[in-house]
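Trainee: Encoded as structure tokens, here's the structure I'll be asking about.
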Amino acid sequence: MEKAGREGDGAPCGPVLHIVVVGFHHKKGCQVEFSYPPLIPGDGHDSHTLPEEWKYLPFLALPDGAHNYQEDTVFFHLPPRNGNGATVYGISCYRQIEAKALKVRQADITRETVQKSVCVLSKLPLYGLLQAKLQLITHAYFEEKDFSQISILKELYEHMNSSLGGASLEGSQVYLGLSPRDLVLHFRHKVLILFKLILLEKKVLFYISPVNRLVGALMTVLSLFPGMIEHGLSDCSQYRPRKSMSEDIGLQESNPPANDFISESTSDISNTSLGTVTKITSGNTVLQMEQPCFQVEDNNNREQEPSDTVCYLKPPPRPSPESSESDWETLDPSVLEDSSLKEREQIGSDQTNLFQKDSVPSDSFPITVQPQANTRQVVLIPGLISGLEEDQYGMPLAIFTKGYLCLPYMALQQHHLLSDVTVRGFVAGATNILFRQQKHLSDAIVEVEEALIQIHDPELRKLLNPTTADLRFADYLVRHVTENRDDVFLDGTGWEGGDEWIRAQFAVYIHALLAATLQLDNEKMLSDYGTAFVAAWKNTHNYRVWNSNKHPALSEINPNHPFQGQYSVSDMKLRFSHSVQNSERGKKIGNVMVTTSRNVVQTGKAVGQSVGGAFSSAKTAMSSWLSTFTTSSPQSLPEPPSGKP
């Protein structure tokens, strides 16, 4: 991450690169109307010209369907200029105003309403903080009712660059506006499924309107991964706009071809280390794709160089810590395993001996998910392979690298990225229904409004089916969040059940999972996380990068699942509740019960008050019995010892 105040290659000094105003023209559509400093050096502030890498900027800043809302907020990511540097983080505040209310009405304003967005392009992922400042300025800018008054925008640029710096990423303000508490209240037990989906680097599409709810939900899920928001997204938007490449060499350097990646078939992971790879031949071009394959447009095919064989490259002699573009992705896994096999076996043996003595008995309290107080400053070092700034545990995981994109909001003009062979996966958000209808382009569609996760592949659904220990963990989160929901004094600011507390629980979960993978004879440990899931995860890019380095700090982490233990009656209730709420058959049973209850009440009213009273009593008794399964009992799990770190 580039620090504030550093200037290179003629780039503006400070974390904020540009302040941009995007408007809707009745003939030209969305276009940039103002930029400070100019997007292209040498152009005027009112130039409509865009850098080729940022050709989608107007459609991202002024979202599709914006006219349906009086105001909205958008988070989006842009690729770096000239293929160098890190992701550019965009925050846009949209508003519309009636044209007759303007003091100065320009000649090209022919519509009844004027729609504009004020946008900040930043080098730091301070989404909520920049949004709070930008909303105030956008409101003041519209209150002028004269859009030629741009002095307030220039002052905003100077103020942000003087007040923000690299140290802003170290505090809690990086999570401003991202509430895991609200996420758990809405998705409940499904939050853990979302977490695992992204760990597997699947193609995940979030869908809801307006955009502020979309980007809020998506970025909140990512905030559950330790260090992801602060340091894990610097390589998450390495894509090229459509029909903009004339240099095949440049494409190959910035986006490795599809055959650089080992594709694993989910159903065959337990039987073989290499999955099914299908070759699609078009003319003299051979593309390697993971099954099932989708249609690829001709212009994307022409961008790929001919390749008839898949070869493993040796690691670069001196990998650069400043760049995440390394040749490791095509490395034979055996090269990484041989060099440190003996050391890892020794570490695994020591950890196994340590935690077998101290492991929690199955009939006692579950492992306390209470993070210890941080008594020393976290030291971040550049990862030699991932290129990300990592902590002592190897966090953040290198998920959003090497063609795995994070696009909080996708414009319709970016639709081709979903089927681009240089994009191996994505976590993206969309408000246009066309994205949701083309289900074959994604592995999972997250309907945020209904808290519904549609997973198309039956094998993937089996991988993500939560274990008993996972259900206990999710229930533990849900209970602590719901119990403190009505506390008007805390209002989500307390420790247990609060936002920071929830992030801490997921940090403990992922640390324990990583530690478990290093143990010898760890089948029982891994079964609590899901044996098939762990096997699939070990073949992902992010795990292979993490596993290629040593992380001695994990020797202090208990590798057992935080909620391991013997199966009990309360687990049966959790399993039944999860099945009813998430399976199609369970939903049908629930609908039948609702319909039956309604008919019983109507029948009771028809035959008389006395009979109706009997029916109502029976219905109440049945509902009370069902509630013991569909809601979490406060006594379903023993409480861990209380207390703040």
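The values are calculated or read from the model by the stated rules, or taken from the named source; none is laboratory data. It should be emphasised that the depicted structure is a prediction, and the values quoted were computed from it without experimental measurement. Cβ sites come from the backbone with ideal geometry, for glycine too, and all protein chains shown count toward neighbours. Ligands, DNA and RNA are excluded from the accessible area calculation, which covers all protein heavy atoms including side chains. Shrake-Rupley method; radii C 1.70, N 1.55, O 1.52, S 1.80 Å.
Trainee: Quick check: anything in the stretch 525-542 hydrophobic (A, V, I, L, M, F, W, C), touching a residue at least 24 places away in the same chain (Cβ under 8 Å) and surrounded by fewer than 18 Cβ atoms within 10 Å (Cβ to Cβ)?
Mentor: yes
Trainee: Checking HIS159 against (1) part of a helix (DSSP H, G or I); (2) farther than 30 Å from LEU405 by Cβ; (3) open to solvent by less than 40 Å² (accessible area, probe 1.4 Å), which single condition isn't satisfied?
Mentor: (3)
Trainee: Moving on. Right, ILE385: farther than 21 Å from TYR127 by Cα and surrounded by fewer than 20 Cβ atoms within 10 Å (Cβ to Cβ) or not?
Mentor: no
Trainee: Here is a list of conditions, (1) at pLDDT 95 or above; (2) surrounded by 21 or more Cβ atoms within 10 Å (Cβ to Cβ), and LEU169 meets all of them except one; can you say which number that is?
Mentor: Of (1) at pLDDT 95 or above; (2) surrounded by 21 or more Cβ atoms within 10 Å (Cβ to Cβ), only one is false for LEU169: (1).
Trainee: Given the criteria over 18 Å from LEU183 (Cβ atoms), modelled with pLDDT of 90 or more and assigned to a helix (DSSP H, G or I), does ARG503 qualify?
Mentor: No: the conditions fail for ARG503.
Trainee: Go through the stretch 219-238 and give me each residue that's within 19 Å of LEU121 (Cα to Cα) and part of a loop (DSSP other than H, G, I, E, B).
Mentor: If the condition is that a residue be within 19 Å of LEU121 (Cα to Cα) and part of a loop (DSSP other than H, G, I, E, B), then GLY232, LEU233, SER234, ASP235, CYS236, SER237, GLN238 are the ones that fit.
Trainee: Read through the list (1) more than 30 Å from PRO466 (Cα to Cα); (2) in contact with a Gly (Cβ under 6 Å, 6 or more places away or on another chain), then give the number of the only condition that PHE142 fails.
Mentor: Of everything listed in (1) more than 30 Å from PRO466 (Cα to Cα); (2) in contact with a Gly (Cβ under 6 Å, 6 or more places away or on another chain), PHE142 misses just condition (2).
Trainee: Can GLY128 be described as open to solvent by 20 Å² or more (accessible area, probe 1.4 Å), closer than 25 Å to PHE400 by Cα, touching a residue at least 24 places away in the same chain (Cβ under 8 Å) and touching a Gly at 6+ places or on another chain (Cβ under 6 Å)?
Mentor: no
Trainee: Something else now. When the stretch 395-410 is examined, which residues are found to be assigned to a loop (DSSP other than H, G, I, E, B) and not aromatic (Phe, Trp, Tyr)?
Mentor: MET395, PRO396, LEU397, ALA398, ILE399, THR401, LYS402, GLY403, PRO408, MET410
Trainee: Take ASP486 and decide whether it is modelled with pLDDT of 90 or more and either under 18 Å from GLN564 (Cα atoms) or assigned to a loop (DSSP other than H, G, I, E, B) (or both).
Mentor: No.
Trainee: ASP146 is checked against (1) closer than 27 Å to GLN96 by Cβ; (2) open to solvent by less than 40 Å² (accessible area, probe 1.4 Å); (3) touching a strand residue (DSSP E or B) at 6+ places or on another chain (Cβ under 9 Å) and fails just one. What number does that condition carry?
Mentor: Here ASP146 clears every test but (3).
Trainee: Can you pull out every residue in the stretch 42-85 that is open to solvent by 40 Å² or more (accessible area, probe 1.4 Å), under 21 Å from VAL215 (Cβ atoms), not in a helix (DSSP H, G or I) and not charged (D, E, K, R)?
Mentor: TYR69, GLN70
Trainee: Something else about it: So if I check each of LEU17, LEU39, which one is touching a Leu at 6+ places or on another chain (Cβ under 8 Å), surrounded by 19 or more Cβ atoms within 10 Å (Cβ to Cβ), at pLDDT 90 or above and in a loop (DSSP other than H, G, I, E, B)?
Mentor: LEU39
Trainee: Is there a residue being at pLDDT 90 or above, assigned to a loop (DSSP other than H, G, I, E, B) and among the hydroxyl-bearing types (Ser, Thr, Tyr) anywhere in the stretch 145-152?
Mentor: No: zero hits.
Trainee: Restricting to the stretch 506-521, name every residue that is within 19 Å of LYS550 (Cα to Cα), open to solvent by 20 Å² or more (accessible area, probe 1.4 Å) and outside any helix (DSSP H, G or I).
Mentor: If the condition is that a residue be within 19 Å of LYS550 (Cα to Cα), open to solvent by 20 Å² or more (accessible area, probe 1.4 Å) and outside any helix (DSSP H, G or I), then LEU518, LEU520 are the ones that fit.
Trainee: Quick one: would you say PHE142 is part of a helix (DSSP H, G or I) and of a type outside the set (Ser, Thr, Tyr)?
Mentor: Considered against the rule, which asks whether it is part of a helix (DSSP H, G or I) and of a type outside the set (Ser, Thr, Tyr), PHE142 comes out as yes.
Trainee: A further question on this structure: Please work out which one of (1) touching a residue at least 40 places away in the same chain (Cβ under 8 Å); (2) closer than 24 Å to PRO125 by Cα; (3) not in a strand (DSSP E or B) is the condition PHE426 fails and give its number.
Mentor: (3)
Trainee: I've got another one for you. Specify which of the listed residues (VAL446, VAL379, VAL421) is buried (at least 21 other Cβ atoms within 10 Å of the Cβ), modelled with pLDDT of 50 or more and part of a loop (DSSP other than H, G, I, E, B).
Mentor: Criteria check complete, one pass: VAL421.
Trainee: Restricting to the stretch 541-562, what's the tally of residues that are touching an Asp or Glu at 6+ places or on another chain (Cβ under 8 Å) and more than 13 Å from TYR393 (Cβ to Cβ)?
Mentor: Adding up the residues that qualify gives 5.
Trainee: Before we move on, is LEU513 in contact with an Asp or Glu (Cβ under 8 Å, 6 or more places away or on another chain) and either among the hydrophobic types (A, V, I, L, M, F, W, C) or modelled with pLDDT under 85 (or both)?
Mentor: No; evaluated as a whole, the condition is false for this residue.
Trainee: With the condition kept exactly as written, say whether any residue in the stretch 197-205 is part of a helix (DSSP H, G or I), touching a strand residue (DSSP E or B) at 6+ places or on another chain (Cβ under 6 Å), within 28 Å of ASP499 (Cβ to Cβ) and open to solvent by 10 Å² or more (accessible area, probe 1.4 Å).
Mentor: No, the stretch 197-205 contains no residue that is part of a helix (DSSP H, G or I), touching a strand residue (DSSP E or B) at 6+ places or on another chain (Cβ under 6 Å), within 28 Å of ASP499 (Cβ to Cβ) and open to solvent by 10 Å² or more (accessible area, probe 1.4 Å).
Trainee: What number of residues in the stretch 20-36 are assigned to a loop (DSSP other than H, G, I, E, B) and either under 33 Å from the mean Cα position of the chain (by Cα) or of a type in the set (A, V, I, L, M) (or both)?
Mentor: 0
Trainee: Still on this structure, I have one more. Exactly one condition in (1) open to solvent by 10 Å² or more (accessible area, probe 1.4 Å); (2) within 26 Å of ASP64 (Cβ to Cβ); (3) touching a residue at least 60 places away in the same chain (Cβ under 8 Å) is false for GLY177; which is it?
Mentor: In the conditions (1) open to solvent by 10 Å² or more (accessible area, probe 1.4 Å); (2) within 26 Å of ASP64 (Cβ to Cβ); (3) touching a residue at least 60 places away in the same chain (Cβ under 8 Å), GLY177 misses (3) alone.
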